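Below: the structure, in structure tokens.
The values are calculated or read from the model by the stated rules, or taken from the named source; none is laboratory data. All figures in this text were calculated on a predicted structure; none of them were measured in a lab. Note that we place each Cβ from the backbone using ideal geometry, even for glycine, and neighbour counts take in every protein chain shown. Ligands, DNA and RNA are stripped out before the accessible areas are found, and what is left, the full protein with its side chains, is counted by its heavy atoms. Shrake-Rupley method; radii C 1.70, N 1.55, O 1.52, S 1.80 Å.
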Amino acid sequence: MITSQQRAKLRAIANDYDTILQIGKSGICAETVAQADDALTARELIKLRVLKSSPETAREAAAELAEKTQSDIVQVIGGRFVLYRRNKKNPKIEI
């Protein structure tokens, strides 16, 4: 669990990040979870987007992906959200 100060720092860092994954009409499937898990391992902080055709809202998708990847939700704004998971072996972001 991250604190509000850590969350604020991560939000500031994520502001410059590009969206790397999109969730579309098929929703969150096994491939989406695997891609998000790999991206979190490599980057620690990722930005995702939920398309309007998705059956889930951004908040629902963020909660489901965070649970399945054991990550923390940093923020949800509109159709975008940011997830964070610290890499225990090789941390890249110091919070």
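Using a cut-off of 15 Å between beta-carbons, work out the net charge of the residues near A42 (Lys and Arg +1, Asp and Glu -1, A42 not included). Could you put the intermediate results ahead of the total?
Numbers: positive: R43, K47, R85, R86, K88, K89, K92; negative: D18, D37, D38, E44.
So the environment of A42 carries a net charge of +3.
Against the chain, whose longest principal axis comes from its Cα atoms, helix 30-43 is set at around 20 degrees.
Just to confirm, what accessible area per residue do you get for the chain at 1.4 Å probe, in whole Å²? Numbers along the way, then the final one.
Values: 5800 Å² over 95 residues.
Counting only protein heavy atoms, the per-residue value for the chain is 61 Å².
Fully extending the segment from D38 to R80, taken as 0.36 nm per residue of separation minus the present Cα-Cα distance, adds 13.2 nm. Within 10 Å of each candidate Cβ there may be at most 15 other Cβ atoms; applying that plus a DSSP loop requirement, which GluC sites (Glu not before Pro) in the stretch 10-93 survive? Of the GluC sites (Glu not before Pro), the ones in loops of the stretch 10-93 whose Cβ has at most 15 other Cβ atoms within 10 Å are E56.
A crude spin-label estimate for the pair I95 and E67, with each label 7 Å from Cα along the Cβ direction, gives 2.1 nm. Among L51, L83, L40, the largest mean-square fluctuation in a Gaussian network model of the chain, built with springs joining Cα atoms closer than 10 Å, belongs to L51. Surface composition of the chain: carbon and sulfur make up 47 percent of the accessible area, probe 1.4 Å.
Normalised Debye scattering of the chain at q = 0.10, 0.12, 0.22 Å⁻¹ gives log10 I(q)/I(0) of -0.23, -0.33, -1.11, counting only Cα atoms as equal scatterers and leaving out solvent. Taking every protein chain into account, the 1.4 Å probe leaves D72 with about 40 Å² of accessible area, to the nearest ten. Per DSSP helix of 4 or more residues, -39500 (n - 2.57); summed, then divided by the residues of the chain. What does that give at 222 nm, rounded to the nearest 500? Calculated from helices alone, the mean residue ellipticity at 222 nm is -12000 deg cm²/dmol.
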